[in-house]
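Below is one structure, written out as structure tokens; comments come after it.
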Amino acid sequence: MKNIFTKLQDIFKHEELRKKILITFGFILIYRVGSFVVLPGVNSDVLAAQLDSLGGGGLGQILTLFTGGAFTRASIFALGIMPYISASIIIQLLSIAVPSVQKLQREGESGRKKISQWTRFLTIAITLVQAPGYLASSVASVPGAVPQADSFWWFSSVTILTASTLLIMWLGEKITDKGIGNGISLLIMVGIIATFPQAILQEFLLDDVKFYFFLIEIAALLIVIGACVALVQAVRRVPVQMAKNIQTGPTHMPLGEGQRSYIPLKVNSSGVMPIIFAQAIMFVPLYMQQTEAFQSNSVLLALSDFNGVWYNLIFFVMIVVFTYFYTAITVRPKDMADDLKRQGSFIPGVKPGRATADFLDGVLSRITLPGSIFLGLIAILPAIVLNLGLTHAQTFSYFFGGTSLLIMVGVILDTLQQIESYLLSRHYDGLMKSGKLRGRENSPVNTGAASF
């Protein structure tokens, strides 16, 4: 990164961009301060002691990772933005299966407003279910954590958790509207990054970790991050011959050959959604195993072990399957072929219409296979490095892959691209002049294709 201080100066010279960044930092500060405000009537020191005695790990550790530690502190932001994420996934699935929701999506801005309203109401419903479950399993069940767990405490705590989730949702929407965009994803990333220094410190301070081995771990982490960047950025460019430019005059003579462009087909078109879907299903055995009737079930015990062979094997297979499923419902080769035909464009050597759709579908299927396998390997990499002894602290192992690392990489790249576009709009040099951001014209990953 060359002349980084000059680029930062350019950012703050851009008045609109400066305001957006300051607004974003302000909302993020509110989110981080709220994650340290403990629910009334809860002794957070008792909860911390209980977590230390259990040694961390499991479902609670994963949820703590996504909430920046608010989950284990019994903060007012303990549930984070996860209820809104769950509601969004449900609405997205309904838009595929329910014709009335599909119709709303095609109605433009008015339809999107209705869908957003439904998502908010569904978020409230999910939070009202999750909040009592969280209080019962992770707060009230800890001896001494809640000295007076009466009905008023339950009512007030559920109300506070629900209102706090709506506040986080509002913060995310305001960051998207007034800030630098991607508010929900940015809040999740902030929560993940907040636990990163503590995870590194825990790994470094372990007695059996030598300094040179710690440096090797950091180098391996950088390699994994680079691989995740490659997965997020990788595209297969399908060449497209655009229609010839025809002179609008009495002669109707062509001015020249049509322009060559590309259709960008991403190697990982589904993002982190396959991991989220698979993770949600793999949580079911863990929830069942916590009930008294299934506590001694050997199958559920094996499927509840996050570092076990059977859990990660099934998790990997499900990610590959869901990658194909989600890619099939989000990327539509037939629509691409129809758009090309309407524009008078074509893929060289392929007939327009159905042949083009079949060709694009074949290319998409071939590039999705290595993408899905690589995505599955990234998802189970934390368990691999922990079982092989490459890391010693479980919290640190989570940053070697999985949803957390992919979210961080994806959000950071997207944020850099948005800052880049603001700088280029005012004729400044890009933030990373020697980098390969997809939004830059001379970037090798810029496809130059129209959006389909």
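The values are calculated or read from the model by the stated rules, or taken from the named source; none is laboratory data. As the structure is a prediction and not an experimental result, all values here were calculated from the model. Cβ placement follows ideal geometry from the backbone for every residue including glycine, while neighbour counts extend to all protein chains displayed.
Taking the conditions exactly as written (more than 17 Å from Thr67 (Cβ to Cβ) and either without any contact (Cβ under 8 Å) to a residue 60 or more places away in the chain or surrounded by 17 or more Cβ atoms within 10 Å (Cβ to Cβ) (or both)), does Gly181 satisfy them or not? Answer is yes for this residue. Scanning the range 164-210 for residues that are within 20 Å of Val272 (Cα to Cα) and not in a helix (DSSP H, G or I) yields a total of 2. Comparison of Ile246, Ile319 shows that the only residue that is touching a Pro at 6+ places or on another chain (Cβ under 9 Å) and modelled with pLDDT under 70 is Ile246. The condition (being under 18 Å from Gly133 (Cβ atoms), part of a loop (DSSP other than H, G, I, E, B), modelled with pLDDT of 80 or more and hydrophobic (A, V, I, L, M, F, W, C)) is satisfied by just one residue among Ala78, Ala87: Ala78. Output yes when any residue across the range 262-275 is at pLDDT 75 or above, over 30 Å from Ser185 (Cβ atoms) and surrounded by fewer than 18 Cβ atoms within 10 Å (Cβ to Cβ), and no when none is. Checking the range 262-275: not a single residue is at pLDDT 75 or above, over 30 Å from Ser185 (Cβ atoms) and surrounded by fewer than 18 Cβ atoms within 10 Å (Cβ to Cβ). For the criterion of being more than 21 Å from Gln394 (Cβ to Cβ), free of Cβ contacts under 8 Å to residues at least 12 places away in the same chain and more than 22 Å from the chain's Cα centre (by Cα), Arg342 passes.
Among the residues making up the range 308-329, those that are out of contact with any Gly (no Cβ under 9 Å at 6 or more places or on another chain) and β-branched (Val, Ile, Thr) are Val309, Ile314, Val321, Ile329. Take Pro132 and decide whether it is closer than 28 Å to Pro382 by Cα and either without any contact (Cβ under 8 Å) to a residue 12 or more places away in the chain or part of a helix (DSSP H, G or I) (or both). It is false that Pro132 is closer than 28 Å to Pro382 by Cα and either without any contact (Cβ under 8 Å) to a residue 12 or more places away in the chain or part of a helix (DSSP H, G or I) (or both). Of all residues in the range 186-232, those satisfying the criterion of being among the aliphatic types (A, V, I, L, M) and free of Cβ contacts under 8 Å to residues at least 40 places away in the same chain are Leu201, Leu205, Leu215, Ile216, Ile218, Ala219, Leu222, Ile223, Ala230.
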